[in-house]
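Okay, so here's the structure we're looking at.
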Amino acid sequence: MSQSANAIADAPVPVSRHAVTFVLITVFLDMVGFGLIMPVLPKLIQDVGHVDIAQAAVIGGWMFAAFSLAQFVFAPLMGNLADRFGRRPLLLLAIFGLGVDFILMALAPTLEWLFVGRVIAGVCGASWIIASAYIADVTAPEDRARAFGYMGAAFGIGFVIGPAIGGLLGELGPRVPFWVAAFVSLLNFVYGWFVLPESLAPANRRKFVLRRANPFGAFRVFASYRGVLPMVLVMGLFFFSTSVYPAIWTFWGIAKFGWSEAMVGATLAVFGLVAGVFQGFLTGPATRWFGEWQVALFGLVCATLVALGYGFVGALWGVIALMILHGPEGFVHPLLTSMLTKRVPDDAQGELQGGISAVTNVAMLLGTVFFAFIFGHFWAEDRAWRSTDVAYWVAAGFLALTTVLFLILKRSEKA
């Protein structure tokens with residue numbers, strides 16, 4: 001083969017200017033499918049396991065832990081495979097796997113099968129990681145905060161539509177949303193198969209090395225590049241603290257306010273709408289006006305105060321007010337991610353996203369079990385003093401610690 005032919009073979013793969021839009025729609029559809037099932041999962045656990053709401057919360061926490069553990073083990077592998085073979089095939093595989101998982105959950109006859117479904121979802125839950133690497137491939141470093149904000153908005157808007165529909169479908173039975181979620185995920189797969197281009201040029205691909213793909217080896221990326229490890233510590237503690245919401249939100253609403261599946265879905269929809277507005281429309285402008293550090297700090301302070309507020313709120317109108325004030329928390333994840341991507345070279349973005357996912361999944365694994373146990377312990381029927389709110393108070397304390405660590409890091413970076 002001539003040198004010119006080799007040059008053509010190694011040339012970057014052309015990426016449509018609409019490639020980011022393709023990925024955002026993929027993330028959106030993915031989250032619609034995931035959001036559909038959230039309002040009905042407590043009822044499904046209660047029905048299948050024959051348990052009360054406090055016990056269901058603990059079981060739900062363990063299910064989320066199984067999901068997070070599977071992601072921790074397999075996400076670095078998926079991220080490194082994406083650095084070797086490209087983003088497109090791994091992203092499509094992850095989406096297809098989620099569709100299979102929803103079918104299994106819809107048919108599950110026992111709690112054990114529900115756990116199996118959560119593990120499969122965790123194994124194939126790398127769509128967010130690979131999509132993040134895709135975004136890093138096709139955007140300039142100075143534009144990544146805004147791009148990751150759009151990605152967060154797609155996540156949030158998917159959470160607006162998914163839970164709202166899931167809550168309504170849940171009135172027809174706790175398994176109905178799983179069938180709809182399976183359809184959405186498989187439709188997403190078909191969409192991606194036909195319209196999603198590859199973003200990683202052959203010249204930027206690297207040899208697959210197994211030691212980089214094992215879950216603990218993924219942490220090495222943090223020590224390989226200056227300034228990464230402290231930021232990852234902040235991100236990990238942030239995700240540990242905010243895992244209180246997936247751990248207990250639906251159980252807390254049912255136990256404290258007597259919410260129906262439709263009401264749970266409606267609150268999650270408001271949650272997603274607020275997150276979408278802040279991440280999609282305000283992350284970019286706020287970052288340009290005030291800078292990444294200041295906006296992220298503001299988000300952490302709001303997160304701390306709102307978590308504390310949920311522990312004292314006594315009516316639905318108060319919950320809605322707090323959810324609106326919750327919006328600036330949405331700045332934190334995209335901005336921390338943007339800061340981290342600027343600290344590693346282009347050929348390690350997939351590895352970085354895999355490492356970030358490993359940390360966040362361990363944090364959420366520990367956090368969901370931790371906060372679910374707190375909720376289950378203090379709401380158990382045999383307790384002399386019962387409360388639905390202790391987990392939020394504890395989460396607020398951890399978020400305050402996260403904010404202090406971020407301030408220390410900010411000052412050390414400026415020094």
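The numbers here are math on the coordinates, done by the rules we state, and not lab data. Values in this document were obtained by computation on a predicted structure and should not be read as measured data. Glycine gets a Cβ as well: all are built from the backbone with ideal geometry, and neighbour counts include every protein chain shown.
Results, tabulated for the structure shown:
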quantity	calculated
Dipole in debye (nearest 20) - the chain, about Cα centre, beta carbon charges: Lys, Arg +1; Asp, Glu -1	980 debye
Set of aspartates and glutamates with alpha-carbon distance to residue 43 below 17 Å, sequence-local pairs under 8 removed	52, 112, 171, 261
Fluctuation leader among 392, 225, 310 - the chain, Gaussian network, Cα springs under 10 angstrom	225
Relative packing of peptides 101-109, 64-72, 31-39 - highest average C-beta neighbours within 10 Å first	31-39, 64-72, 101-109
Relative contact order computed over region 269-415 (Cα-Cα under 8 Å; 6+ residues apart), in percent	33 percent
Hits among aspartates and glutamates - C-alpha to C-alpha of residue 207 under 19 Å, sequence gap 8 or more where chains match	10, 83, 137, 198, 346, 347, 351
Computed Rg/Rh of region 270-336, alpha carbon atoms with Kirkwood Rh	1.01
C-alpha long axis of helix 19-37 to longest principal axis of the chain, angle in °	20 degrees
Descending semi-axes in whole angstrom, ellipsoid equivalent of the chain, from the Cα gyration tensor	34, 25, 19
Rg followed by Dmax, in Å, when region 131-184 is reduced to its Cα trace	15.8, 47
Global form of region 59-150, assessed from the alpha-carbon gyration tensor, a/c cut-off 1.5	prolate
Gained length - residue 404 relative to residue 383, 0.36 nm times residue gap less alpha-carbon distance	4.1 nm
Calculated diffusion of region 242-294, Stokes-Einstein form, Kirkwood radius summed over Cα pairs, 10 °C and 1.306 mPa s, µm²/s	123 µm²/s
0 to 90° range, to nearest 10: angle between helix 244-257 axis and the chain longest Cα axis	30 degrees
Percentage relative contact order, the chain, counting C-alpha pairs under 8 Å, at least six apart	29 percent
Computed label-point distance, nm, for sites residue 262 and residue 140 using a 7 Å Cα→Cβ extension	5.0 nm
Burial order of peptide ranges 239-245, 135-141, 276-282, 382-388 (average beta-carbon count within 10 Å, highest first)	239-245, 276-282, 135-141, 382-388
Additional length obtainable on full extension of the chain from residue 366 to residue 193, 0.36 nm per residue less Cα span	58.8 nm
Crossing angle, helix 127-138 versus the chain [Cα axis fit, 0-90 degrees, rounded to tens]	40 degrees
Dipole of the chain, positive direction: furthest Cα of 385, 85, 249, with charges on the beta-carbon	85
Theoretical ellipticity at 222 nm over the chain - DSSP helices of four or more residues, -39500 (n - 2.57) apiece, nearest 500	-25500 deg cm²/dmol
Shape category assigned to region 296-398 from the gyration tensor of Cα positions, a/c cut at 1.5	oblate
